[in-house]
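Chemist: Have a look at this one before I ask anything.
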Amino acid sequence: MILDIIQYPDPRLTQRAVELTELTDEIRTLVSDMAETMYAARGGGLAAPQVGRAVRLIMVDASGPDERNDLRVFINPRLTVLDPTPVEDEEGCLSVPFNYRAPVSRVTGVAVDALDMDWNPVHVEAEGLLAVCLQHELDHLEGTVFLDHVSRLKRMLFDTRIKKWLRRNSP
Ligand code: NI
């Protein structure tokens, strides 16, 4: 089932997500629905808070963009910085309207320790696009969106645009 993706500036995007304590059928369904939702929206990553579930569950697929076939699911993920060298690239987010994209500074190398879809421990070390995706999705679990990392001027211009849009489209 394709789920609604919560859009900025919805306050649910600013909440810290809680750990999952066990694998239930409900969580299995959530994983499958989130994957369907992410692929339907042509996104490279999705975090549970973006579909209104404040739990520590993220997924990324850094393959594509034409064909995505590398789904990775992380439950209760913990991030370690392996290479702190800053790297800047444009990011967007399925929860940020207008397909808005802006440069964000991230670290080059990270490791993620988590549980997979079968509740087995996984350890992934990543650089490049996958590392950026992981940092972006982990942020969602802390209630952070990439807009929180862009320059104050860019953020102000974007918020002004959003406010105008919301005013025009409110009943
Ligand atoms: Ni995002």
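Chemist: Given (1) under 15 Å from residue 132 (Cβ atoms); (2) more than 16 Å from the ligand (Cβ to nearest atom); (3) buried (at least 20 other Cβ atoms within 10 Å of the Cβ), where does residue 86 come up short, assuming only one miss?
Modeler: (3)
Chemist: Going by what's in this entry, would residue 143 be described as in a loop (DSSP other than H, G, I, E, B) and either modelled with pLDDT of 95 or more or within 12 Å of the ligand (Cβ to nearest atom) (or both)?
Modeler: yes
Chemist: Next question, about the same structure. Those residues that are away from the ligand (no atom under 14 Å from the Cβ) and of a type in the set (D, E, K, R), I need them from the range 90-117; list them, please.
Modeler: Once the filter is applied, which keeps residues that are away from the ligand (no atom under 14 Å from the Cβ) and of a type in the set (D, E, K, R), the range 90-117 yields 113, 116.
Chemist: Sticking with this structure for a sec: Only one of 139, 118, 70, 66 is surrounded by 17 or more Cβ atoms within 10 Å (Cβ to Cβ) and of a type in the set (Asp, Glu). Can you tell me which?
Modeler: Every option except 139 fails the conditions.
Chemist: For the range 29-51, state whether one or more residues are in contact with a Phe, Trp or Tyr (Cβ under 9 Å, 6 or more places away or on another chain), outside any helix (DSSP H, G or I) and within 12 Å of the ligand (Cβ to nearest atom).
Modeler: Among the residues of the range 29-51, not one is in contact with a Phe, Trp or Tyr (Cβ under 9 Å, 6 or more places away or on another chain), outside any helix (DSSP H, G or I) and within 12 Å of the ligand (Cβ to nearest atom), which makes the answer no.
The values are calculated or read from the model by the stated rules, or taken from the named source; none is laboratory data. Note that the structure is a prediction, hence the values are computed from the model and not measured. Cβ atoms come from the backbone with ideal geometry, glycine included; neighbour counts cover every protein chain shown.
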